Amino acid sequence: MTQNIDWKAEAAKRKDLFLEDLFNLLKIDSVRDDEKATAEAPVGPGPKEALEAFLELGERDGFETKNVDSWAGHIEYGDGDELMGVLAHVDVVPTGTGWDTDPFEPVIKDGRLYARGSSDDKGPGVAAYYALKMIKELDLPVSKKVRFIIGTDEESEWKGIKHYLETEQEPDFGFSPDATFPIINGEKGNATVYIETKGAVDGGSEELIQFESGLRPNMVPQDAVAVVKSKNAEAVQAGLADFLDGLPVTGVAAVEGDQVTLEVTGKAAHGSKPASGVNAATYLARYLSDFDFSKNAKDFLELTTLYLHDDPKGEKLNIAITDEIMGELTSNPGVFAFRANEGGKITVNMRYPQGTTEDKLFESFKEKLSDYEVTLSKADGKVPHYVPANDPLVTTLLDVYGRQTGLDAHEMVIGGGTYGRLMKRGVAYGAMFPNSVDTMHQANEFMAVDDLMNAMAIYAEAIYELIK
């Protein structure tokens with residue numbers, strides 16, 4: 001135990017420069033943009049710019065750095081036979097609506113740093129980098145090599161970090177500063193199912209021209225929009241207000257000729273915690289499902305209402321399961337799209353514990369939706385990941401957390417996925433504390449500045465304890 005170093009005091013000395021560097025990184029719109037992707041910017045110019053900006057910090061501070069084809073990169077320190085990894089990401093989810101400030105113009109109000117990426121994951125990432133920088137500046141003796149590894153598409157397909165690990169050494173152990181304290185030593189599996197319906201056919205008093213909702217599978221849809229053609233457009237418009245009365249969503253409807261445009265607003269949340277959000281898409285589908293649409297549009301709306309609405313545990317699809325260590329499965333219908341001439345597609349993302357598999361989940365979808373004319377497919381997912389509580393990595397990290405905070409230090413499992421699962425002995429570690437407000441993937445995302453500074457101190461001691 002390194003009793004002679006006041007880690008919090010050392011962090012405080014670096015606060016101003018830390019915030020300056022973090023602000024510069026937060027100003028970069030690093031949402032993945034496949035439409036602008038090139039060989040030099042494989043997930044778009046924003047993530048590439050953010051990766052380069054981070055690596056420039058390492059070069060400035062005298063570290064060895066490496067850019068791996070603009071997919072990922074690392075900042076390296078120390079030497080030894082064992083390699084520790086600290087894995088963060090610079091990409092962010094789309095901003096969505098409802099912000100009170102510009103999401104890419106960081107601002108501190110009442111001790112809170114508001115910006116997209118402030119808590120997921122630029123704020124914690126820069127705090128962890130500054131922890132490594134602190135160890136270097138204090139010239140502390142180390143016996144292992146540590147790499148601060150930076151990914152560019154953690155919020156989507158993880159192609160960047162996977163490409164990195166195809167060419168670079170996999171760390172023997174480590175953590176990702178992309179979750180909560182005291183530790184995340186277990187992560188649920190991640191499975192995604194796509195439900196596709198055919199285009200509209202003749203028949204029905206109403207025609208569903210368009211239905212759009214959701215930005216990413218791992219976000220609860222905050223906004224939903226539908227365009228309906230109807231001989232009774234005023235009735236479709238008028239009924240929305242009565243339907244919404246007393247529900248946790250708001251909405252408006254406007255008529256133009258024989259078409260009515262309906263907009264519903266719920267609450268965004270991380271897709272691993274669907275019960276924390278309000279899914280605008282399923283509420284809008286529930287309202288529209290009572291109208292007389294043709295079969296394929298009816299299927300799209302009805303199966304959403306009957307099997308996806310207000311069901312964060314997946315009970316209606318018969319996929320609900322609970323594990324003693326990992327807890328409950330969660331189900332998030334995250335993206336909805338329907339066009340009259342093309343058909344519909346619904347993306348359902350699930351975080352599942354030990355005790356089931358992707359194949360079993362997929363079979364339940366097939367069985368429950370067998371009455372509908374749909375096509376089902378699934379994406380490559382991730383199996384559950386768990387590092388035992390008695391592993392020295394876990395015990396060391398918990399000891400440091402408990403020592404610096406005086407709080408209870410215990411193991412935890414989450415539904416979210418972090419880079420920690422990429423290492424056999426990998427965990428997630430902070431930067432949110434038990435009393436932190438979780439705004440990841442939401443409008444007005446923020447991170448308390450004090451939390452970032454306290455995390456920096458914890459990261460510095462933890463990294464040093466693991467590599468000394």
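Each reported figure results from applying straightforward, stated rules to the coordinates on display, with no laboratory input. All values derive from a computational prediction rather than experimental measurement. When we count neighbours, we look across all protein chains shown, and the Cβ atoms used for this are built from the backbone with ideal geometry, even at glycine.
Values as computed for the structure displayed
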quantity	calculated
Unit Cα scatterers, Debye sum, the stretch 70-184: log10 I(q)/I(0) for q = 0.14, 0.19, 0.20 Å⁻¹	-0.66, -1.08, -1.15
Packing-based ranking, highest mean first, of 357-364, 206-213, 33-40, 300-307 given that Cβ atoms within 10 Å are counted	300-307, 206-213, 357-364, 33-40
Size descriptor, Kirkwood hydrodynamic radius, that averages inverse alpha-carbon separations across the chain, Å	23.3 Å
Fewest-first sequence of M423, M447 by Cβ atoms within 10 Å of each Cβ	M423, M447
Packing-based exposure ordering (other Cβ within 10 Å, fewest first) of R339, R147	R339, R147
Between helix 449-467 and the chain: long-axis angle, C-alpha atoms, 0 to 90°, nearest 10	60 degrees
Dipole axis of the chain (+1 Lys, Arg; -1 Asp, Glu on Cβ), positive-most option in V278, P312, L288	P312
Structure-based [θ]222 nm, the chain - -39500 (n - 2.57) summed over DSSP H runs of at least 4, per residue, nearest 500	-9000 deg cm²/dmol
Dipole in debye (nearest 20) - the chain, about Cα centre, beta carbon charges: Lys, Arg +1; Asp, Glu -1	500 debye
Ascending count of other beta-carbon atoms within 10 Å, so fewest first, for F104, F365	F104, F365
Unit Cα scatterers, Debye sum, the stretch 190-378: log10 I(q)/I(0) for q = 0.16, 0.19 Å⁻¹	-0.93, -1.25
Rounded tilt (10° steps) of 233-244 against the dominant C-alpha axis of the chain	50 degrees
The stretch 140-266 - Debye-derived log10 I(q)/I(0), Cα point model, q = 0.13, 0.17, 0.22 Å⁻¹	-0.78, -1.03, -1.39
Percentage relative contact order, the chain, counting C-alpha pairs under 8 Å, at least six apart	23 percent
Rounded to 10°, Cα long-axis angle of helix 392-405 versus longest principal axis of the chain	90 degrees
